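Shown next, in structure tokens, is the structure this report addresses.
The values are calculated or read from the model by the stated rules, or taken from the named source; none is laboratory data. Every value quoted in this text rests on a predicted model; they were computed, and no experiment measured them. Cβ placement follows ideal geometry from the backbone for every residue including glycine, while neighbour counts extend to all protein chains displayed. When the accessible area is computed, the model is the full protein with side chains, heavy atoms only, and any ligands, DNA or RNA have been set aside. Shrake-Rupley method; radii C 1.70, N 1.55, O 1.52, S 1.80 Å.
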Amino acid sequence: MSADNFREELLPYFDAFARKLANNRGDWTVKGFIDVYRNIYTVSVDTKVVSKIIELMLYPIFVSFAIQNDYQMVLSGQQNHYPDVSFVAADGSKIALDLKSTYRTAPGIVNGFTLGAFTGYFRLRHSPKNATFPYGQYAKHFVLGIIYSRADSIIDERQVHQLDQLQDITSVVRDFTFVLQEKWRIASDQPGSGNTKNIGSSRNIQSLVDGNGTFAAHGEQVFDDYWMNYLTNDMARTIDSLVPYRNIKGYLAWRSRGSIPIPLSTLEVGATLTPHPTLWYDSLCNLTIQGGMQRCALPLMPRNCTPAGSV
């Protein structure tokens, strides 16, 4: 098995996901938490709680999938490390699988997934910090997205139920839809939420299912370059820079003015950048990065600049 076959191998397991998570009415099979006294406490509708329970419910299916398809399955060693699950194929290639969930906010629209950081391991791709394996070692980066609807009625989380009332308890979520796409295919050009340094996703359900996000027409290389160079207002302020772009249109204009992408894999700590005689470089030339590799978008410099720094 190899990374190229991963999606086609996992897609048939969607039926198993559905049977595990929902009854024949589409309601979530989880009704609450039970204690040793047989009291049932309602599950919170909080997205983090729902997401974690769903994740735990699906792990046994991933184990079965890995065995049947000759993958080694490696779980994230710590919370908030990337990815949730790593699969190592027989040929040694590694596939990252991150589990994400979100809820519908309107017909055909969801609140959106957060697709992981665009700083840290995403930019320092040879570093094992906060990742099971260095980001650059993964042949593919997949997202398994779980979309659900919240219950129409208000759930009273203060109420305690008895075991014989199990079927009467309202499920807090229902109507699941599954998404399996490479991360770059469903990403948007906006951060996931607020001022966080996380990549956001498309919010259109059909676009998510089809893998038709902002970067689908541009390719994975543009996705990587966009988010490696993206600056929030705070990031730009810290390095005394302007924000080079805020969306894909601005990014394409920024690149067309002559700022050229430098493949991260070609940069080593201490390597000196030499300006091309006819092209423009951004002032990454003047930035010294200590303790790792990084790329950063700063105001453009003309072709006669004399870079003094190193990366």
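Restricting attention to segment 226-249, which residues are in a helix (DSSP H, G or I) and touching a strand residue (DSSP E or B) at 6+ places or on another chain (Cβ under 9 Å)?
From segment 226-249, those in a helix (DSSP H, G or I) are 226-229, 233-238, 248-249; that's our starting set.
TYR226, TRP227, ASN229, ILE248, LYS249 - these are the residues of segment 226-249 that are in a helix (DSSP H, G or I) and touching a strand residue (DSSP E or B) at 6+ places or on another chain (Cβ under 9 Å).
Quick one: which of ILE109, ILE95 is β-branched (Val, Ile, Thr), closer than 30 Å to ASP234 by Cβ and modelled with pLDDT of 95 or more?
Details: ILE95 fails: closer than 30 Å to ASP234 by Cβ.
From the options ILE109, ILE95, the qualifying one is ILE109.
Listed by first and then second residue, the pairs with beta-carbon distance under 7 Å, at least 6 apart or on different chains, first residue in segment 176-195 and at pLDDT 95 or above, second among the β-branched types (Val, Ile, Thr) and surrounded by fewer than 18 Cβ atoms within 10 Å (Cβ to Cβ), are VAL179/VAL209.
Hey, could you check segment 192-213 for residues that are small (Gly, Ala, Ser) and assigned to a loop (DSSP other than H, G, I, E, B) and say which is nearest to LEU180 (Cα to Cα)? Steps first, answer last, please.
Within segment 192-213, the subset small (Gly, Ala, Ser) is 192-194, 200-202, 207, 211, 213.
Then keep just the ones that are assigned to a loop (DSSP other than H, G, I, E, B); that gives 192-194, 202, 211, 213.
On the way: GLY192: 18, SER193: 22, GLY194: 25, SER202: 14, GLY211: 8, GLY213: 13 Å.
For segment 192-213, the residue satisfying everything is GLY211.
From ALA131, ALA217, ALA187, ALA139, grab the single residue that is aliphatic (A, V, I, L, M) and either over 28 Å from GLU9 (Cβ atoms) or open to solvent by 80 Å² or more (accessible area, probe 1.4 Å) (or both).
Working: ALA131 fails: either over 28 Å from GLU9 (Cβ atoms) or open to solvent by 80 Å² or more (accessible area, probe 1.4 Å) (or both); ALA187 fails: either over 28 Å from GLU9 (Cβ atoms) or open to solvent by 80 Å² or more (accessible area, probe 1.4 Å) (or both); ALA139 fails: either over 28 Å from GLU9 (Cβ atoms) or open to solvent by 80 Å² or more (accessible area, probe 1.4 Å) (or both).
Just a single option satisfies the conditions, and that option is ALA217.
Note down all Cβ pairs under 9 Å where the first residue falls in segment 128-144 and is without any contact (Cβ under 8 Å) to a residue 40 or more places away in the chain, the second is of a type in the set (Gly, Ala, Ser), and they're at least six residues apart or on different chains. From segment 128-144, the pairs are LYS129/GLY120; LYS129/GLY292; PRO134/SER127.
Checking the structure you have, find out if any residue of segment 155-170 is of a type outside the set (A, V, I, L, M), touching a Pro at 6+ places or on another chain (Cβ under 6 Å), assigned to a strand (DSSP E or B) and under 22 Å from ASP46 (Cα atoms). Within segment 155-170, none of the residues are of a type outside the set (A, V, I, L, M), touching a Pro at 6+ places or on another chain (Cβ under 6 Å), assigned to a strand (DSSP E or B) and under 22 Å from ASP46 (Cα atoms).
Could you list, in sequence order, all residues of segment 63-84 that are open to solvent by less than 40 Å² (accessible area, probe 1.4 Å) and touching a residue at least 24 places away in the same chain (Cβ under 8 Å)? Please lay out each step first, then the result.
Filtering segment 63-84 for residues open to solvent by less than 40 Å² (accessible area, probe 1.4 Å) gives 65-66, 69, 71, 74, 76, 82-84.
Matches in segment 63-84: PHE65, ASN69, TYR71, VAL74, SER76, TYR82, PRO83, ASP84.
One residue is enough: does segment 159-182 have a residue meeting the conditions in contact with a His (Cβ under 9 Å, 6 or more places away or on another chain) and open to solvent by 20 Å² or more (accessible area, probe 1.4 Å)? Within segment 159-182 (the criterion being in contact with a His (Cβ under 9 Å, 6 or more places away or on another chain) and open to solvent by 20 Å² or more (accessible area, probe 1.4 Å)), the answer is yes, since at least one residue qualifies.
Having 1 or more residues that are at negative phi and small (Gly, Ala, Ser) is the bar; report the strands (runs of 3 or more DSSP E) wholly within segment 49-143 that clear it.
Numbers: elements: 72-75, 85-88, 94-106, 114-117.
Correct list: 85-88, 94-106, 114-117.
Being closer than 21 Å to SER93 by Cβ and outside any loop (DSSP other than H, G, I, E, B) is the filter here; which residues of segment 1-35 pass it? If you could, list the steps in order and put the result at the bottom.
We begin by selecting, within segment 1-35, every residue closer than 21 Å to SER93 by Cβ; these are 1-13.
Scanning segment 1-35 gives ALA3, ASP4, ASN5, PHE6, ARG7, GLU8, GLU9, LEU10, LEU11, PRO12, TYR13.
Restricting attention to segment 63-74, the residues being closer than 26 Å to TRP28 by Cα and touching a strand residue (DSSP E or B) at 6+ places or on another chain (Cβ under 6 Å) number 1.
Scanning segment 140-175 for residues that are at pLDDT below 95 and of a type in the set (S, T, N, Q), we see that the one that is farthest from GLY32 (Cα to Cα) is SER153.
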